[in-house]
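Below is one structure; the comments refer to it alone.
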Amino acid sequence: MGKVLIFVEHSGGHLRTASLPAITFGRAASEHQGGPLVLVMLGKTLGAAAREAAQFGAEVLAVDDPALEHYLAETYAPIVARIAKEQGATLVGGTATSTGKDLLPRVAALLDAGMAADVTGMSAPKTFQRPMQAGNVLVQVEVTTPVVVAAVRQTAFPPADPKAPGAVTQVAPGAVDACGARFVSVATTQSERPELTEAKVVVSGGRGMKESSNFKILEELADLLGGAMGASRAACDAGMVPNDLQVGQTGKVVAPNLYIAVAISGAIQHLAGMKGSKTIVAINKDAEAPIFQVADYGLVATWEKALPELVSEIKKLKATQR
Ligand SMILES: Cc1cc2nc3c(=O)[nH]c(=O)nc-3n(C[C@H](O)[C@H](O)[C@H](O)COP(=O)(O)OP(=O)(O)OC[C@H]3O[C@@H](n4cnc5c(N)ncnc54)[C@H](O)[C@@H]3O)c2cc1C
């Protein structure tokens with residue numbers, strides 16, 4: 001069987017931790033396929049990030065060119081597809097981040113390959129598990145094309161551990177054609193808090209928080225716990241918090257050690273994004289709210305009463321630990 005080629009991402013001169021689950025998947029795929037694992041990274045001045053990627057025991061193909069400084073699907077996809085062909089890869093994968101979700105379907109199209117999206121498991125070289133219907137159904141899909149592309153769910157595979165370092169090989173980009181697309185700017189939210197999909201603790205608020213200013217107490221709780229902020233779609237749609245905090249089927253999928261859902265009813269579309277969390281705490285004034293069906297710890301109370309007490313108790317506990 002052919003090689004397994006995993007697209008890995010970088011940011012600020014470092015390998016993104018979001019790519020580590022894809023490397024774990026790549027290792028499993030390499031065992032299934034019987035071919036070696038190779039990582040591919042594109043960008044400008046990749047030196048340190050490529051060396052970090054090489055710590056995971058696979059050869060890293062680094063396509064380092066000023067024209068690739070900013071990610072554009074139009075420029076990246078043909079290069080990844082060309083390298084996949086040159087390498088004789090039979091499986092091309094990556095994490096289903098916003099970049100992965102944008103890039104990998106295009107790579108699949110260029111390779112005339114079938115694609116499995118949002119993969120949560122692998123049972124045979126071309127058979128993958130993935131959720132459907134907001135996570136209520138798990139299906140096994142078999143992709144029957146000679147080359148397969150897979151976007152893996154970040155929370156479904158553990159981050160890869162380092163191994164004996166692999167080599168970094170420079171690969172020429174060839175002609176970089178953006179097909180009329182042009183990078184203009186990137187707008188990112190600056191926050192001291194951990195990235196939502198990578199945080200060990202997530203504190204989320206729902207429509208029951210009523211208004212934007214009420215999220216301050218959730219932010220205080222998140223900061224005390226070193227966590228990230230999340231929200232339901234209803235809270236985002238109401239403009240209480242930015243859309244990039246949305247957790248759920250059409251938002252981000254998270255699986256932290258601790259997920260605290262405050263004033264969130266627990267609609268299936270929300271659960272699809274957080275029910276893999278290790279411990280779920282729900283605070284809701286309605287004892288019948290569906291969130292309590294998935295919660296490990298549930299408190300029937302208004303947030304107005306529960307949160308100040310919780311924040312105060314955590315502060316006292318922290319003070320005694322100093
Ligand atoms: C195709 C599709 C995709 C969707 N994708 C997503 C998604 O990705 N993420 C997502 O979250 N939703 C998604 N939704 C929307 C989803 O169906 C729900 O409408 C949404 O999750 C509800 O958000 P909520 O729980 O904050 O609001 P509500 O359902 O209105 O619940 C508010 C909760 O707050 C409680 N509450 C009210 N006041 C207080 C108080 N003072 N103290 C404590 N509790 C209080 C209430 O008891 C209630 O349970 C999607 C829907 C569709 C159709």
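Average projected area of the Cα convex hull of the stretch 45-90, in nm²?
3.8
Once you put a point 7 Å from the Cα of S123 and another 7 Å from the Cα of A67, both along the Cβ direction, what distance in nm separates them?
4.5
Roughly speaking, what is the stretch gain from M132 to K285, that is 0.36 nm per residue apart minus the C-alpha to C-alpha distance, in nm to one decimal?
Extra length from M132 to K285 when fully extended: 52.0 nm.
Relative to 2.2 N^0.38 Å, what does the C-alpha radius of gyration of the stretch 198-246 come to as a ratio? Two decimals please.
Normalised Cα radius of gyration, the stretch 198-246: 1.03.
Would you please give the FRET efficiency between S312 and C179, computed as 1/(1 + (r/R0)^6) with r the Cβ-Cβ distance and R0 = 41 Å, to the nearest 0.05? Walk me through the intermediate numbers first.
On the way: r = 57 Å, r/R0 = 1.39.
Calculated transfer efficiency: 0.10.
Given R₀ = 30 Å, FRET efficiency for E304-E195 by Cβ-Cβ distance, to 0.05?
0.55
So if I restrict to the alpha-carbon atoms in the stretch 124-190, what is the Rg, and what is Dmax, the biggest pairwise distance, in Å?
18.7, 45
For the stretch 123-267, go through all pairs of different Cα atoms, get the mean of 1/r, take its inverse, and jot down that Kirkwood value in Å. Before the final figure, lay out each step's value.
Numbers: mean 1/r = 0.0535 Å⁻¹.
Answer for the stretch 123-267: a Kirkwood hydrodynamic radius of 18.7 Å.
At 0.36 nm per residue, minus the direct Cα-Cα distance, what do E211 and K85 gain on full extension? Give it in nm, one decimal, please.
Extra length from E211 to K85 when fully extended: 40.1 nm.
Say each of T188 and T145 gets a label point 7 Å from the Cα, pointing the same way as Cα to Cβ; how far apart are those two points in nm?
About 3.1 nm separates the two model spin labels.
Can you order the peptides 169-182, 243-256, 303-316, 197-210 by their average number of other Cβ atoms within 10 Å per residue, highest first?
Values: 169-182: 12.0, 243-256: 20.7, 303-316: 14.4, 197-210: 22.6.
Sorting 169-182, 243-256, 303-316, 197-210 by mean packing, highest first, produces 197-210, 243-256, 303-316, 169-182.
Rg and Dmax of the chain, Cα atoms, in Å?
Cα only, the chain: 21.3, 62 Å (Rg, Dmax).
How large are Rg and Dmax for the stretch 278-322 when only the alpha carbon atoms are used, in Å?
12.6, 40
Report the equivalent ellipsoid semi-axes for the stretch 196-321 in whole Å, largest first, defined as the square roots of five times the eigenvalues of the gyration tensor built from alpha carbon atoms.
In descending order, the three semi-axes are 20, 15, 15 Å.
With all pairs of different alpha carbon atoms counted, what Kirkwood hydrodynamic radius in Å does the stretch 1-144 show?
Its Kirkwood hydrodynamic radius stands at 15.3 Å.
Would you mind calculating the relative contact order of the stretch 196-321 from Cα pairs under 8 angstrom and at least 6 residues apart, reporting the percent as a whole number?
Worked out over the stretch 196-321, it gives 23 percent.
To the nearest 0.05, what FRET efficiency results for A319 and K278 with a Förster distance of 30 Å applied to their C-beta separation? Let's see the in-between values first.
Working: r = 27 Å, r/R0 = 0.89.
For A319 and K278, the calculated efficiency is 0.65.
Can you list the residues, at least 5 places off or on another chain, whose amide H is less than 5 Å from the amide H of E59, using H built in the peptide plane?
L39, A167
Find how much the distance from D112 to E219 grows on full extension, using 0.36 nm per residue of separation minus their present alpha carbon separation; answer in nm with one decimal.
Once the chain is fully extended between D112 and E219, it gains 33.9 nm.
Every number here is computed from the coordinates shown, using simple stated rules; none is lab data. Remember, predicted model here, so these are calculated numbers, not experimental data. Because the Cβ atoms are built from the backbone with ideal geometry, glycine has one as well, and the counts that use them run over all protein chains shown.
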